[in-house]
Each structure stands twice: as C-alpha cells, then as structure tokens.
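K.L.:
Here you go, one structure.
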Amino acid sequence: MFRFLHAADIHLDSPLRGLESYEDAPVEEIRNATRRAFDNLIELAIQEAVDFLLIVGDLFDGDWKDFNSGLFFIGHMGRLNKAGIPVYIVTGNHDAASQITNVMSLPENVTLFSAKKPSTVCLEKLGVLIHGQSYPSRALMENIASHYPQNDPNYFNIGLLHTALNGREGHEPYAPCSLDDLHSKGYDYWALGHIHKREEVSRDPWIVFPGNIQGRHIRETGVKGATMVTVEDGLVREVTHRELDVVRWILRRIDLSSCETIEAVHEMVRSAIENAEMEAEGKTLALRLSLEGDCPVHAQIVEHRTQLAEEIRGWVAGLGNTWLEKVDFRTRRKARLEDMVGEDTPLSGLLQSIQNLQLDANTLLELVPELTALKNKLPPELLLNEDFILGNNPEKLELIRLEAQDLLIEKLIRHGESE
C-alpha cells in the first residue's frame, strides 16, 4: 500500500491586484494566503507521511518580482527532502513565465518534468510509473496527452497533465484533449491541473482536478485543498479531499421575495451572514452578498441601498473575522409597472420611455453634469474605478443603465403617488 498527495494551481504569491480598492479589505492576509495554504500542504504531506507529492502546474503565478517566491518554495522542498518525501512537478501556463528552472537549483527530492516531450519516472520500490510533460510556453494549444506513452501493466501508472480537457468555463483551453485520449493510455490515475474547482471527472480510471489550494477572489469560492489518494494491490482504494485554505471565499445569494418589510430584509441578511460564518469553519471569511428576488420592498431597497449596504458592512465588521467584499443589489419590483400606474396614462408612457433608455459611453459623457448626480445615487462598490462610469465595458454599461432606470422609475412612481 502507498499514498500520495495530488495538488495543483498553487499560484504562490499571486499579486491579487486591485485589493487596495476595496473598503476594509485585509489585504496582507489575503495576499499571504497562498503561502499559508502551501504551508498547510507541506505540513499535511509530512504529518501523513505520504510516499510522494504531485504538483500539477501553476505552482507560481508568473515571473517573480524578486527571488523570495523561489526561496520560499525551495525551503519547503527542503523540509520534504528531510522527511524523505519526493516531489514530482509539471509546469503549467503560469509557470512558463517563471524563473524556476533558470536561476535556482532544485533539491534532490524534486523532479521537474521536461517541456520538450513527455517523459516517465519509475518508482521501483512502489511499483509506480509517473508520466508527464511541462509547458514549453504559456499558451499551449497542442494535445500533448496524445504523445504520452502507453501504460505498463506491470506498474501503477499515473499521468500528470495541466489541461482544460475539452474546455471548462472561465479557463483558457490549454493542452486540449478528450476523455477518450486519456482512457486510451490505460493509466490508473490521471492527476490534472488548471481548473480551479475540484472535479472528479471519472472514477474508472480516476481522473481528478483537485482545484486550487487557496481561493484568491470571489470566483474561487468554497473549500479549497488537495486530493489524498490511497493505493493498495494496484488499485485506488480511497480518494479524499483535504482542506488547506486559510481564507474562505463565499458568495451568498439571498432571495428576498418573501420580505414584506425592510425589517424582514435585515433579519434574512443577518441570518445569511451567520450561516456563511459557520460555513467558513473558523477561517477568515471573504463574503459577497447578492440580494435577489421579486421583492415587495424593492422600491425602499433601491432608494436606501447605500444606507443598507453600510448597515450590512457594520454587521459583518462586528464579527471580527469576516470581510464583506461586496453587496450586489439584484432585487426586482414584485408588481408590474402597468398594474401600478395603469397601461394608458401619461406616467405609464414616461416609464416606458425610461425602460427603453439606452446608455452607451458617448451618451454617458453627454449627460454630464447629470452624471455626477447619478454617481451619487449608485452603490459605493460600483464607483471604485472611475473607468467604470466612462469605460466601454458592455456589462458595466448595462449595469449602469439598469441602475439609472430603477432610480428614475422609483422616483417617478413615488412622485406620482404623492400627487
């Protein structure tokens, strides 16, 4: 019997640009999170006395700004060397820009697979063959898996491959290949990397993305870590996910469609925050809230969203170990406008014109100085970057258009009700 640890997409010292723009962000804690998660990976390998560690690409996040990232990595490999744990690495698209092979000598327990072609390492005592190839360049569009050698039935065969397979949302389609390509090699376990969400693609044979070991932003939510694999009598007996992250990113969607009062909204939001904190399991929590649904108090939320966002920020700050990354306001009015103001009235015609309002970058520029008044009404988190208002990003412009529509419509409805 033997055990090995499969990790990928560590992105050591990822710069995480833009964090300074966020209010009250624990910048240094988040920036150091990849190192602390890597500490946890090494501790786990040593404590569990694994037979070897696999790192399947994107160990680093690109070229180093100095040698500290490399020295940090080398020091941890030295710890594994003293514990008698070998490490096998293939580089990925981000590693292709790093200096790992150019300026630093790797400890004797570390094997870095060649980028020229697939190669094989034999662990004779364990009866294991490890096959792999590193990235020769950042944008590898070749199906390198097709060149991997066939399995040797006298050994337990492992393939290391940094790939998007046949494509995964949010990831570049590097080293593309199909499941048939992998199955055809006859390997017992495919250790994949590149996709940051854990996925057991197949169990016969085992084909696994372990995900990254530490979430770095709100698109990398939930538990992060590595995969522990136990092999006995030439068969995979157990595959388990082991948590390693130190900062837990959580997106909590809150359906406010049942809230008849603002007080009910407060209660539901507070409950969601408490549940998210429990889900973080004592780790630092980076939380985004998305307030959604056809809400009876949509108009009040629209009018007082800045105040509500600050109240929520205050509740979260009181928890001590939680940071509110953002509040998204995505509620909608519960009643149809036609039911509220009639279908053939002067007000309904004006509201219809507002709904049809289109705002592009040029239109926004022409609205100055009205633009200033609009900006004062928008949520603070939308104004972190001045380019948001004047940029030409379609998604951002669409969000501004919807914000402007909602504000104008609610103001007109309230004005009509008061007359």
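The values are calculated or read from the model by the stated rules, or taken from the named source; none is laboratory data. Everything quoted here is computed from the prediction, not taken from an experiment. Quick reminder, even Gly has a Cβ in these numbers, built from the backbone with ideal geometry, and neighbours come from all protein chains shown.
K.L.:
How many residues are assigned to a helix (DSSP H, G or I), modelled with pLDDT of 90 or more, touching a helix residue (DSSP H, G or I) at 6+ places or on another chain (Cβ under 8 Å) and closer than 28 Å to residue 171 by Cβ if we restrict to segment 50-96?
P.N.:
Number satisfying all stated conditions: 3.
K.L.:
Residues 105, 114: which one is in the same structural domain as residue 212 (by TED's automatic domain parsing), at pLDDT 85 or above and surrounded by fewer than 16 Cβ atoms within 10 Å (Cβ to Cβ)?
P.N.:
The conditions single out 114.
K.L.:
Which residue out of 148, 189, 155 is in contact with a strand residue (DSSP E or B) (Cβ under 9 Å, 6 or more places away or on another chain) and either within 21 Å of residue 14 (Cβ to Cβ) or in contact (Cβ under 8 Å) with a residue 40 or more places away in the chain (or both)?
P.N.:
Of the residues listed, the single one that is in contact with a strand residue (DSSP E or B) (Cβ under 9 Å, 6 or more places away or on another chain) and either within 21 Å of residue 14 (Cβ to Cβ) or in contact (Cβ under 8 Å) with a residue 40 or more places away in the chain (or both) is 189.
K.L.:
Then there is this: Check 297, 223, 208, 239 and return the single one that is touching a residue at least 12 places away in the same chain (Cβ under 8 Å) and not assigned by TED's automatic domain parsing to the domain that holds residue 14.
P.N.:
297
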